[in-house]
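The values are calculated or read from the model by the stated rules, or taken from the named source; none is laboratory data. What you are looking at is a predicted structure, and each value in this text was computed from that prediction instead of being measured. Reconstructed Cβ throughout: ideal geometry from the backbone, glycine too, with neighbour counts over all protein chains shown. Each accessible area value is taken on the protein alone, full model and side chains, heavy atoms only, with ligands, DNA and RNA left out. Shrake-Rupley method; radii C 1.70, N 1.55, O 1.52, S 1.80 Å.
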Amino acid sequence: KNQVEQSPQSLIILEGKNCTLQCNYTVSPFSNLRWYKQDTGRGPVSLTIMTFSENTKSNGRYTATLDADTKQSSLHITASQLSDSASYICVVSAIPSSNSNSGYALNFGKGTSLLVTP
Amino acid sequence: DAGVTQSPTHLIKTRGQQVTLRCSPKSGHDTVSWYQQALGQGPQFIFQYYEEEERQRGNFPDRFSGHQFPNYSSELNVNALLLGDSALYLCASSFGTWNNEQFFGPGTRLTVL
């Protein structure tokens, strides 16, 4: 069964500090991995996407890493800001089977809730 | 260029009622996916529409149904509402079912009393 596990469930850090969020997955066959940022009551917004051959991808103060061998990913946030307070969701996409007429299946983690305090 | 839009923003219903949620995809997109997100949980895939047909479906009962119109907009219908249907309903659009670059709308917050 395809699963995506995120840790920690929640995190509180001081403004200006760095933090790292973790994502472990058992999705197979692997297509790509995305990190989304979701503000409370809003839709998720894509931060990064990585395919099997990529092990690092940056988007401003956000840097995602991927280890396809151990099936682990991390999202590192540098010099956190109050606006970084949100839920961060890891989404892993599986390649559909050859006998399927449907597209890629997206597997969502439950998210890590980050609170940045002054 | 308008992104994905959803209506209404908030909705309150009572048990047993029926509800219809609406979604307009991002310009140039032809595929719409619907997700249910309970409080504190990640989104759960409901179904995906392409070429006015349901192409994929998640583990949701038949009370959840949908429709896609020729202009690619979509509706999500939920019949016989249960308290457990209270959630944020997200719509995401993409170009083609085989492209998983999905853009999410702001969601509709449904509360069932």
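In the range B:1-30, of all residues being closer than 18 Å to B:Y50 by Cβ and within 16 Å of the chain's Cα centre (by Cα), the one that is nearest to the other protein chains (Cβ to nearest Cβ) corresponds to B:V4.
So which of A:I49, A:I12 ends up being in contact with a Lys or Arg (Cβ under 6 Å, 6 or more places away or on another chain) and hydrophobic (A, V, I, L, M, F, W, C)? The match here is A:I49. Scanning the range B:39-79 for residues that are crowded, with 19+ Cβ neighbours inside 10 Å and either in contact (Cβ under 8 Å) with a residue 40 or more places away in the chain or among the β-branched types (V, I, T) (or both) yields a count of 9. Does B:T111 satisfy being out of contact with any helix residue (DSSP H, G or I) (no Cβ under 6 Å at 6 or more places or on another chain), open to solvent by less than 60 Å² (accessible area, probe 1.4 Å), on the phi < 0 side of the Ramachandran plot and among the β-branched types (V, I, T)? The answer is yes for B:T111. If the condition is being hydrophobic (A, V, I, L, M, F, W, C) and either surrounded by 15 or more Cβ atoms within 10 Å (Cβ to Cβ) or closer than 15 Å to A:N59 by Cα (or both), then the range A:77-94 contributes A:I77, A:A79, A:A86, A:I89, A:C90, A:V91, A:V92, A:A94. The numbered conditions (1) modelled with pLDDT under 95; (2) in contact with a strand residue (DSSP E or B) (Cβ under 6 Å, 6 or more places away or on another chain); (3) more than 12 Å from chain A (Cβ to nearest Cβ) are all true for B:S74 except (1). The single condition from (1) in contact with a His (Cβ under 9 Å, 6 or more places away or on another chain); (2) of a type outside the set (G, A, S); (3) within 12 Å of chain A (Cβ to nearest Cβ) that B:Q41 fails is (1).
Quick check on A:S74: is it among the polar types (S, T, N, Q), more than 11 Å from chain B (Cβ to nearest Cβ) and either touching a Pro at 6+ places or on another chain (Cβ under 8 Å) or open to solvent by 30 Å² or more (accessible area, probe 1.4 Å) (or both)?
no
Taken over the range A:5-35, residues that are modelled with pLDDT of 95 or more, surrounded by 16 or more Cβ atoms within 10 Å (Cβ to Cβ) and in contact with a Leu (Cβ under 9 Å, 6 or more places away or on another chain) amount to 8.
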